[in-house]
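The values are calculated or read from the model by the stated rules, or taken from the named source; none is laboratory data. Model, not experiment: these values are computed from the prediction. Virtual Cβ from ideal backbone geometry, glycine too; neighbours counted across all protein chains shown.
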Amino acid sequence: MADRTAVPGPCRLVCESISKTFGGTVAVRDVSLSLAAGEVLALVGENGAGKSTLMNVIAGAVRPDSGQVLVDGTRLSHGPQAARGAGIAMVHQELSLFGNLTVAENVLLGAEPVTGPLIGERALRETAAKILDDLGIHLDPDAGVARLSPGQRQLVEIAKAVATQPKVLILDEPTSSLESTQVDVLHALVVRLARRGTGIVFVSHRMNELFRFCTKVAVLRGGELAEEGDLADYSHDRLISAMVGRDVSDLYPARTDAAGRTDPVLALREVSGHGLHDITLDVVPGRVTGIAGLEGHGQSAIAEVLAGVRAPTSGQVLVAGAPTRLNSPAKAIAAGVGYVPSDRRTAGLALALSVAENMALVGGAGIRGRFWFRPRRQAAAVREVAARLALRSSSTGQAVGELSGGNQQKVLFGRWLLRADLRVLVLDDPTRGVDVGAREEIFGLLRELTARGVAVVLVSTDIQELLGMADDIVVIYEGRITGTVPGGDATEERVLALAMGQEVPA
Amino acid sequence: ACTSQSEETGVAGPPAGETKSTFVIGYDTYWLGNSWSVQLAAEFRASVSRHGAQIERVVYTQSDNDAQKQISNVDSMISRKVDAIIMTPVSPQAAVPIIKKANAARIPVILLGADANTDTYTSLVTVDDTAIGRVGAQWLVDRLGGKGRIYVLDGVAGNPVNEQRRAGAREVFARYPGIRVVASAAANWDQAEAKRAVTSMLAAHPQVDGVWSQGGAMTLGAIEAFRADGHPLVPMTGEGNNGLLKVWQQLGPESGFDAIGVSKPTWLADDALKVTLRVLTGQPYQKNDRKEPPAVTADNLPSLVQPDLPDDFWVDTRLDPAQIRSMFNG
Amino acid sequence: MIGTTTRTALRAGIPLWLLVFIALIVLPVLSEPFRSANNANSLMASLAPLLLVSAGQAVVVLLGGIDLSVGGIVGLGTVLVATPAVPGWVAAVLALAVGVAAGLVNGLGVLAGVPALVMTLGMSGVLGGIGLLVLAEPGGQVSRGLLAVLTLQAYPVPLAFVVAVAALAVAWTAVSWTRWGRVVLATGHDPVAARRTGLPWRSATLRAYALSGLFSGMAGLAVVARTYSGDSLSGGSLILDSITVVLIAGIALTGGQGSVLTVLPAAAVLGLLQNLIVLSGLDSYYQYIVEAVVLVIAVALYEASGKRPAFLARGG
Amino acid sequence: MTELSTVGPPLARPKLDRSLLFGYALAVVCFLVLGVSTPDGFAPDRLLGILGSNAALGIVAIGQTLVLLCRGLDMSVGFTMNLAAVVLSATMAGQDANTPAALGLALAAGALVGLVNGLIVVWLRLPPLLATLAVGTAVQGGYYVLTKGQPKGAIAPGFREFADGGAFGGTLRWGFLVWLAVWLLAAVLLYRTVPGRRFIVVGANPRLAFLAGVGVRRHTVAAYVASGLTAAIGGVYLTAFAGSASLTAGASYTLASVAAAVIGGVALTGGIGSPTGTFAGVLVLVFLQTILTTWDVPAPVQQATQGAVLIVMMLVTLRFVRRGRSDR
Ligand SMILES: Nc1ncnc2c1ncn2[C@@H]1O[C@H](COP(=O)(O)OP(=O)(O)OP(=O)(O)O)[C@@H](O)[C@H]1O
Ligand SMILES: Nc1ncnc2c1ncn2[C@@H]1O[C@H](COP(=O)(O)OP(=O)(O)OP(=O)(O)O)[C@@H](O)[C@H]1O
Ligand SMILES: [Mg+2]
Ligand SMILES: [Mg+2]
């Protein structure tokens, strides 16, 4: 906990009564913050509390309705370039890398070493390589970003921000797709920067990381600054209740131990392909089957096979015991299998369309009509689910793109609640970027589903979550199952060991 | 042997000493985008078949009415060392350099149906578009007794033929203060566009005494518009295309409709080939053969109209019935 | 040293280069007229404008846009040069200036949020109209002095062609080795991210369209070098041809992907194709079909060589 | 904060509605200008006449809209129109008796072109602009080679009447009625049927549609076929209107249809817009054209004006229509 001891320096960043409204929604209301050199501020709050908006204002990406930002005492003029010039670097919640460029080119984008007008390619590579090494990020500078795993991309994104040697570094949910080893890398980095006197704002929904990384805390609620102070004064629970405005007694509902295992509704038999090697797996009604593994070891592929997005090259998929070719999502849905992909903005939602449209997309005839479309009926159904999810949107007609990250996730999730004949729900990292309160609600709903006899497959990089939710945890390493641990008595160490291939399958 | 005449024209005949009996002729089809250009090409091929004895082969190219493409095409004929080039300049100015290039290569160039801004070509066989515009306009003015409100239907703005015919007409109208052009449109020689334009003209300026159209199809469009609008027909200029002539005859004099069909005859292509052969065989020829535009009028209408042939047929032709038929259903 | 991205982009063009070289070896053997210096001269002269326009088009497409106003700029350029009113040199400079200006306006419109397709379409209408107002019909007078320079050539190689290739090379260098180029590629790949991360995407956009305008202006001069005259409509065919070339060159319409340098063999392929069809005496309407087929095959191959499904991609 | 205000109908997308409203506002303005600028310009049968004689554009633009909605672009409509015209006149051969057969063949030809477009876009995964441009060029080459530049046959006299005739003693032109019918069909399909909603999603986010089991390819192809059909209908009507087939008449319609859609608020990025908006876009273009002609504006100035107006209108629309986080 070295960073705790770092002596606070002069005020790096000051926000004075910043407000921002989007059409109807008040995103940020009259928020004033200050950040001393060497401080690491945890900015927390529910989904839609206004964290990203506030950060975007500071980074010049969003123009505030009122208020101003000062860096080292000088007022900041609007615009990303200005902010950048003033020494503010931000890692955005949505990644902003360019897949058509290499790692090196991305890291130094806009700051390439030039002689005259021309970029020195060699210098570029070397500088980038050096930066990456400093950060302890082991990546080939010439690798195309398009081919990196989400976690690696996030690291590149961070490197890009750090490369500008910022006075103020804003990390908006930087760990959402990092695996634990990568989180360590980031931690070391944050500590180092704090020592150098960089002011750091750290936005995250992962409690343990907040306590690990940060010295100060500021809590946003409904766009207003609810509390701020030394993180040291906060307990886990106090912080949560400060965010949510109520007590979140236990994040994970108790396992309603589905007695008497019934036959699997969905099963894989020696399935291979798409980086998987003879995966055999039973998905049982009323149980949450957790799939653990480090980013990019094939657990997402399993989810996609179960959801019919990819057909296995060999092996069998059994639906209710019968071999079936699930070679298109359509077929999977017909078989009662629902799927929540991990990349919600690109694969999960039509951002331009309304909440209602997005939710009712797979809703059957009962919800939107058989041939003739029934808007009223759809609206009614959607409104009910939205209420159950405590969705924060101005109306079911609001464009999903305008919702906060977490609320978007809720929409994605609610889609399947509208499906009466749902038998299996496959979720790939469903709580990424989702706040504690929402997570509690979602976990509650998952339990409801299992109680209803629905089988849940939960893919996650957040081991805590699996320990809390899963009835069985299937651990993947390099596309193989290295072990299956009963969720009840699993430990983080055990799962990690399996996930890192350090333990041979029994 | 070369006659004095061909020396006057300043163009070398066949290279001295060498005496060919059959020739390779380059023919650039300037366009195949409308019925006239198609019939012109057909007329040329027909003529070729008539003069087969003197022609070894014809090198055909097609320029899509694109000046630069035409330059490339003619240039390729120079590369292929043809004995003579027959072309219809898409742009009078742009054709100049390539014509000069042909001269340098001692290949005679015969211009068919359109002029070029140089006199270094070997021979020009055409009917002046300015004259076409003038004759039509003059007829209309006389028909209206020197005063009246008229619509103007132009072709494609910026196209030389369009601009020349237009110039010819304006020149006439300018001389008669009684004539007022109340509306004009560039209907791209297209029947539908002309009909649409005239429809809105009729709505805006219902009071009209005549229509000067520089294209037969557009005149048809105008007639259609008048009829659809229930507006009494007025005198209109047009071209010698069968479609117009058929309608014209059906209407008859009592309809109040009268017209004149002034156009470039497609048989110019035949004359062009004849001149070319004269040049190649060193016989005397006329360098600038600018013919008066033949006109279809109420008097010779009955003798020229072809009720059983399609609208797109141009009546003033030397094609024989078989060739005509093959043009329309083949 | 050539950067990775630049290199991978170039690699995609190799088959095209090979094709051209093979053609340049085989065709002269097959066709006697093709061999002639005159044909080579004609071919290069006709390629010059296409190369210039395509180079500009390529940059704009890399940026994720498209420029339908190139034709209008070329046409107006020729017209300005051919108006006796202005002395030759002034006219030439004016033509280029107008090109740049038109490009800048395009850029501003696009920055204001007008879809590039619409913006440049409207612009081409405006420019075409102005051209016709200045010079109603093809013709005009090009000053002797200027013409002498424009038509300079080391026979059979026309100056215009050399300039065009040089311009292409410059554009390629700029895209591959300057910060501006990087911003162009980034913006083309993901404009929203480019905006969010505070790249100078605005100025980059302006410059890209300005460059396209400038090159189109130059193309206007190259056209004059062939036609000795002005014609507001003379750029028409270059609009689609330039897009065709850019696509054959493997530059994705979705932006951010491809190499400007490959425009050279791509244009050559198109030029040779047309030249061949003319020399072979084939009815020129087959040209449409042949070109279409070549185009589809080319791009299909690029798509097959591993890019994401185009029909899922942003924009037309 | 958590309550759900239920303002607006569930489908309401402020974006779309505003641009829609704006499109019609523009149309009305143009109409008023036209009305006051010419003697008895507000005469209803004149208005209907204008709409009738421009029905071809209206019909074609609807197909274009459908394609744009699913992230496509159809650059082949002009050529398809000409193809339909050629087929029509060749098979009709001037005989009224042949009309049904000729119509059938012409429309089939159009649908076929659309099908080819769609299949190339979906299976070869080519960018729509390119695919449709290539197909269009090939089609053009095809009908030129076949006709040698001279459309065969002729339009049957009875069919020619059709273009000028109409319901209620000819005041409501048949062309306009066809246009209305096509528009109604498209609008109802899109906004009042479940397949229509799915179609919208395909345009808004194909990946999502695919994951939701929506037939991405099927819907995409369907859009192109629809566009091919409307192009054929447009071409047929244009031919009837003109009285004879033309190899060039359709050329200007390709970009005009795109312009109309865009003015009507259809986004080139797919998923946003509606045939109803396009309808307004067509009205704007048509009225503008009519105004310029009746004012006897010289052709070059007309050309320039139309270009400028297109840009300006886009700019104003953008000022007018707020853009949210979802904008991309
Ligand atoms: N561009 C926009 N248009 C409309 N509303 C917006 C926009 N951006 C944000 N909002 C609204 O402002 C509020 C705050 O959003 P913001 O993204 O700042 O929340 P957040 O705290 O970052 O949530 P999360 O933890 O899920 O990222 C939300 O209600 C959101 O719907
Ligand atoms: N958005 C997408 N992302 C990735 N792949 C896709 C996408 N859409 C379609 N595909 C690919 O195309 C194939 C067919 O897609 P889809 O099933 O949606 O079309 P379809 O119209 O249903 O085809 P069919 O009518 O034959 O069922 C899928 O198997 C998938 O491989
Ligand atoms: Mg956020
Ligand atoms: Mg399917």
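Values as computed for the structure displayed
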| read-out | value |
| --- | --- |
| Matching residues in region A:28-54 - criterion: being near ligand 1 (Cβ under 8 Å from one of its atoms) and of a type outside the set (D, E, K, R) | A:VAL28, A:GLY45, A:ASN47, A:GLY48, A:ALA49, A:GLY50, A:SER52, A:THR53, A:LEU54 |
| A:ALA356 vs. criteria surrounded by 24 or more Cβ atoms within 10 Å (Cβ to Cβ), under 18 Å from D:VAL194 (Cα atoms) and hydrophobic (A, V, I, L, M, F, W, C) | yes |
| Test for C:VAL134: is it touching a residue at least 60 places away in the same chain (Cβ under 8 Å), crowded, with 22+ Cβ neighbours inside 10 Å and more than 8 Å from chain D (Cβ to nearest Cβ) | no |
| For D:VAL266: the one exception among (1) surrounded by 24 or more Cβ atoms within 10 Å (Cβ to Cβ); (2) within 14 Å of chain A (Cβ to nearest Cβ); (3) part of a helix (DSSP H, G or I) | (3) |
| Where a residue in region D:139-162 is over 10 Å from D:ALA240 (Cβ atoms) and without any contact (Cβ under 8 Å) to a residue 24 or more places away in the chain and its partner, wherever it lies, is of a type in the set (Ser, Thr, Tyr) and surrounded by 20 or more Cβ atoms within 10 Å (Cβ to Cβ), with Cβ under 9 Å and at least six apart | D:GLY141/C:TYR285; D:GLY141/C:TYR288; D:VAL145/C:TYR285; D:VAL145/C:TYR288; D:LYS148/C:TYR285; D:GLN150/B:SER35 |
| Complete set of residues in region B:39-91 that are over 24 Å from C:GLY236 (Cα atoms), in contact with a strand residue (DSSP E or B) (Cβ under 7 Å, 6 or more places away or on another chain) and away from every other protein chain (no Cβ under 13 Å) | B:PHE44, B:VAL48, B:GLN54, B:ILE55, B:GLU56, B:ASP83, B:ALA84, B:ILE85, B:ILE86 |
| Strands (runs of 3 or more DSSP E) (entirely within region B:22-141) containing at least 3 residues that are closer than 22 Å to C:SER42 by Cβ | B:23-29, B:55-62, B:84-87, B:109-112 |
| Whichever residue in region D:204-214 is farther than 16 Å from A:GLY364 by Cα and without any contact (Cβ under 8 Å) to a residue 12 or more places away in the chain and, among such residues, is farthest from ligand 1 (Cβ to nearest atom) | D:PHE210 |
| Test: residue in region D:199-212 that is more than 16 Å from ligand 3 (Cβ to nearest atom) and away from chain A (no Cβ under 14 Å) | no |
| Test: residue in region D:245-252 that is at pLDDT 95 or above, among the polar types (S, T, N, Q) and away from ligand 4 (no atom under 16 Å from the Cβ) | no |
| Selection from region A:163-172 of residues that are more than 18 Å from A:GLY136 (Cβ to Cβ) and either within 16 Å of ligand 2 (Cβ to nearest atom) or surrounded by fewer than 23 Cβ atoms within 10 Å (Cβ to Cβ) (or both) | A:THR164, A:PRO166, A:LYS167 |
| Neighbours by Cβ (under 9 Å, 6+ apart or cross-chain): first from region A:138-151, without any contact (Cβ under 8 Å) to a residue 24 or more places away in the chain; second surrounded by fewer than 20 Cβ atoms within 10 Å (Cβ to Cβ) and of a type in the set (Gly, Ala, Ser) | A:ARG147/A:GLY99 |
| Boolean, A:LEU220 is modelled with pLDDT of 90 or more, more than 30 Å from A:SER66 (Cβ to Cβ) and of a type outside the set (Lys, Arg) | no |
| 1 or more residues surrounded by fewer than 21 Cβ atoms within 10 Å (Cβ to Cβ) and within 14 Å of chain A (Cβ to nearest Cβ): qualifying helices (runs of 4 or more DSSP H) within region C:159-261 | C:159-177, C:179-189, C:191-196, C:201-227 |
| Residue match in region D:189-209 (condition: of a type in the set (Lys, Arg) and part of a loop (DSSP other than H, G, I, E, B)) | no |
| Among (1) in contact with a His (Cβ under 8 Å, 6 or more places away or on another chain); (2) among the acidic types (Asp, Glu); (3) farther than 23 Å from A:TYR477 by Cβ - the single one A:ASP250 does not satisfy | (1) |
| Filter result (within 15 Å of ligand 1 (Cβ to nearest atom), within 14 Å of another protein chain (Cβ to nearest Cβ) and surrounded by fewer than 24 Cβ atoms within 10 Å (Cβ to Cβ)) within region A:61-90 | A:ALA61, A:VAL62, A:ARG63 |
| Residue that is nearest to A:GLN93 (Cα to Cα) [pool: residues in region A:396-420 that are within 13 Å of chain D (Cβ to nearest Cβ) and more than 16 Å from ligand 1 (Cβ to nearest atom)] | A:ARG415 |
| Selection count, region D:214-237, where residues are assigned to a helix (DSSP H, G or I) and either within 16 Å of ligand 3 (Cβ to nearest atom) or closer than 29 Å to A:ALA330 by Cβ (or both) | 15 |
| Among the candidates D:LEU112, D:LEU124, D:LEU146, residue that is surrounded by fewer than 20 Cβ atoms within 10 Å (Cβ to Cβ) and at the interface with chain C (Cβ under 9 Å from one of its Cβ atoms) | D:LEU124 |
| Matching option when the condition is in a helix (DSSP H, G or I), more than 22 Å from the chain's Cα centre (by Cα) and within 9 Å of another protein chain (Cβ to nearest Cβ), among A:ARG370, A:ARG376 | A:ARG376 |
| Residues located in region A:195-231, provided they are surrounded by 23 or more Cβ atoms within 10 Å (Cβ to Cβ) and either part of a helix (DSSP H, G or I) or within 16 Å of ligand 4 (Cβ to nearest atom) (or both) | A:PHE213 |
| D:MET75, sole failed condition from (1) closer than 19 Å to D:ILE233 by Cα; (2) more than 11 Å from chain C (Cβ to nearest Cβ) | (2) |
| Residues of region C:270-289 classified as in contact (Cβ under 8 Å) with a residue 12 or more places away in the chain and crowded, with 18+ Cβ neighbours inside 10 Å, total | 8 |
| Unmet requirement for A:ALA497, which otherwise passes all of (1) touching a residue at least 12 places away in the same chain (Cβ under 8 Å); (2) of a type outside the set (D, E, K, R); (3) at negative phi | (1) |
| Filter result for D:PRO195 (within 16 Å of ligand 2 (Cβ to nearest atom), at pLDDT below 95 and surrounded by fewer than 17 Cβ atoms within 10 Å (Cβ to Cβ)) | yes |
| Every residue from region B:97-120 that is more than 21 Å from B:LEU268 (Cα to Cα) and at the interface with chain C (Cβ under 9 Å from one of its Cβ atoms) | B:PRO97, B:ILE98, B:LYS101, B:ALA105 |
| B:ARG180, sole failed condition from (1) of a type outside the set (Val, Ile, Thr); (2) within 14 Å of chain C (Cβ to nearest Cβ); (3) part of a strand (DSSP E or B) | (2) |
| Only one of B:THR120, B:THR130 that is under 30 Å from C:GLY125 (Cα atoms), among the polar types (S, T, N, Q) and surrounded by fewer than 22 Cβ atoms within 10 Å (Cβ to Cβ) | B:THR130 |
